[in-house]
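The values are calculated or read from the model by the stated rules, or taken from the named source; none is laboratory data. Bear in mind that the values here come from a model prediction, so they are computed numbers and not experimental data. Cβ placement follows ideal geometry from the backbone for every residue including glycine, while neighbour counts extend to all protein chains displayed.
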Amino acid sequence: EVLTRIYGTAWADQKQLDDYLVKLEEAEKRDHRRLGREMDLFHFQEEAPGSVFWHPKGWRLFTTLIEYMRRVQDKAGYVEVNSPDMMDRALWEQSGHWEKFRENMFTTQTEDDRVFAFKPMNCPGHVQIFKHGLKSYRDLPVKLAEFGKVHRYEPSGALHGLMRVRSFTQDDAHIFCADDQITAECVNVHKLMLQIYKDFGFEDLRIKFSDRPEKRVGSDEVWDASEKALMHAVDEAGGEYELNPGEGAFYGPKLEYVLRDAIGRDWQCGTVQVDLNLPGRFDAFYIGSDSNKHTPVMIHRAMFGSLERFVGILIEHHAGHFPLWLAPVQVVVCTIKSEADEYAYKVADRLRSRGMHVDVDTRNEKINYKVREHSVAKIPVILVIGMREVEEETVNVRRLGSRDQKSMTLDEVVTSLVEEATPPDLR
């Protein structure tokens, strides 16, 4: 016999059911896979399951996230590094990943019978970088950041667009510090996390705190300090957290940041985790003020988590209507007649010279067709130019989602759009 799985829901009243159905319909409209096609951002294909083919517009959006995070991290004292994609099995055995994570790792064997694994995470590589050269307590904290491509095997049935992939980029950072620096560093990370999410339009979030499990490494004193540091980080910012008793990793407690999107769905993104284990496994140390060797504490920190997944969340949260600073194409200049082409390119050049991403549409098509097509592609600003605009050196401004039209001089529109397109961390 063939078994069929049937899902059902039950609701207390008709209003709750109606709200649920509206939410399902809205989620379908916002599906990042559909919008990704309509906006020409990316695609997937069978030859590379769980890996993204980024198109020019999608890659521009992706790199906008990286450029933003680079600036933010640089101001916060991080230094960017890069670690190998593939490393010997021995390193993964030493880190403990081979024992606990092997079935999710992609491996290969060379002619000399060495087994290598593609990295499922960046942490062991960062410990190797910290170990290279003698470190003093005066050097701490050391903040290493990487946009590292990691690879994890996921069953084909679990893959889901950008949300669940096999190859993705993490905005990983690891802070190596002394025991008495844990609290200050956790507070700094937490404040930075909140600011970043606010910049991307997420101000409704929940924080989950997972404390010590029964089986763990490290002394109770260090666990006490680590847990207090994470709790204090949230308290100092005036926030609240939900307790997940005993759900921390064996090597340390953690905070998880859960973002709520525009239609009320929750997405777990950032994490802050105190690690009392990995530096010791690799014999990492620094020289303390007492001239003795000390094992540093390692704080794992990811803001976006997976950049691919965060792009998917952004697409669905904004329904493709990105704020101007995020939009891969910010402005398209459309002409009504070919006689306006020269002026259209002049307008585009003025905007491009100020760092804006601009397309020009001089096709021999009706203006309503052009506007409709670019609206489907979710271009935030459409500048329409006819002979009147050429003569007056103005532009007709149309906004995505609005029927309003506004005439502005070229100088006015350049000043206005450049200001609006400035990333929030640079304002």
Which pairs turn up if I take residues in segment 290-308 that are over 30 Å from Gly36 (Cα atoms) and look for partners that are of a type in the set (S, T, N, Q) with beta carbon separation below 8 Å, at least 6 apart in sequence or on another chain?
Val297/Gln181; Val297/Ser226; Ile299/Gln273; His300/Thr271; His300/Gln273
Go over the candidates Ser95, Ser156, Ser83, Ser136 one by one and state the one that is crowded, with 20+ Cβ neighbours inside 10 Å and either among the hydroxyl-bearing types (Ser, Thr, Tyr) or not assigned by TED's automatic domain parsing to the domain that holds His190 (or both).
Ser95
Could you check segment 286-301 and list, in sequence order, the residues that are assigned to a strand (DSSP E or B) and surrounded by fewer than 21 Cβ atoms within 10 Å (Cβ to Cβ)?
Ile287, Lys293, His294
Of the residues in segment 240-285 that are more than 18 Å from Arg301 (Cα to Cα) and in contact with a His (Cβ under 8 Å, 6 or more places away or on another chain), the one that is surrounded by the fewest Cβ atoms within 10 Å (Cβ to Cβ) is Ala262
Being touching a residue at least 60 places away in the same chain (Cβ under 8 Å), farther than 30 Å from Gly36 by Cα and aliphatic (A, V, I, L, M) is the requirement here; does Val217 meet it?
yes
Go through (1) touching a Pro at 6+ places or on another chain (Cβ under 8 Å); (2) within 30 Å of Leu140 (Cβ to Cβ) and name the single condition Asn82 misses.
(1)
Take the residues in segment 208-220 that are at pLDDT below 85 and at negative phi; name whichever of them is surrounded by the fewest Cβ atoms within 10 Å (Cβ to Cβ).
Lys215
Filter segment 76-104 for residues that are modelled with pLDDT under 95 and of a type in the set (Phe, Trp, Tyr); which is farthest from Asn188 (Cα to Cα)?
Trp98
Those residues that are on the phi < 0 side of the Ramachandran plot and surrounded by fewer than 16 Cβ atoms within 10 Å (Cβ to Cβ), I need them from segment 71-80; list them, please.
Arg71, Asp74, Lys75, Ala76, Val79, Glu80
Subset of segment 101-133 [in the same structural domain as Asp172 (by TED's automatic domain parsing), assigned to a helix (DSSP H, G or I) and not charged (D, E, K, R)]:
Cys123, Pro124, Gly125, His126, Val127, Gln128, Ile129, Phe130
Residue, farthest from Trp59 (Cα to Cα), within segment 5-41, restricted to residues that are acidic (Asp, Glu) and in a loop (DSSP other than H, G, I, E, B):
Asp13
Out of all the residues in segment 227-237, is one or more free of Cβ contacts under 8 Å to residues at least 60 places away in the same chain and assigned to a strand (DSSP E or B)?
no
So in segment 331-341, with the set limited to residues that are outside any strand (DSSP E or B) and not aliphatic (A, V, I, L, M), which one is nearest to Leu417 (Cα to Cα)?
Asp341
Tell me, yes or no, whether segment 240-248 has at least one residue that is touching a Leu at 6+ places or on another chain (Cβ under 7 Å), in the same structural domain as Leu162 (by TED's automatic domain parsing), more than 20 Å from Trp92 (Cα to Cα) and among the hydrophobic types (A, V, I, L, M, F, W, C).
no
Can you give me the ranges of the strands (runs of 3 or more DSSP E) entirely in segment 342-427 with at least 1 residues that are more than 35 Å from the chain's Cα centre (by Cα) and surrounded by 12 or more Cβ atoms within 10 Å (Cβ to Cβ)?
381-385, 394-399, 405-409
Which residue, of Glu46, Glu28, Glu1, is among the acidic types (Asp, Glu), loosely packed, with under 11 Cβ neighbours inside 10 Å and under 28 Å from Tyr153 (Cβ atoms)?
Glu46
Any pair with Cβ under 6 angstrom, 6 or more apart, that starts in segment 164-176 at a residue that is closer than 21 Å to Pro296 by Cβ and ends at one that is in a strand (DSSP E or B) and basic (Lys, Arg)
Ala173/Arg301; Ile175/Lys143
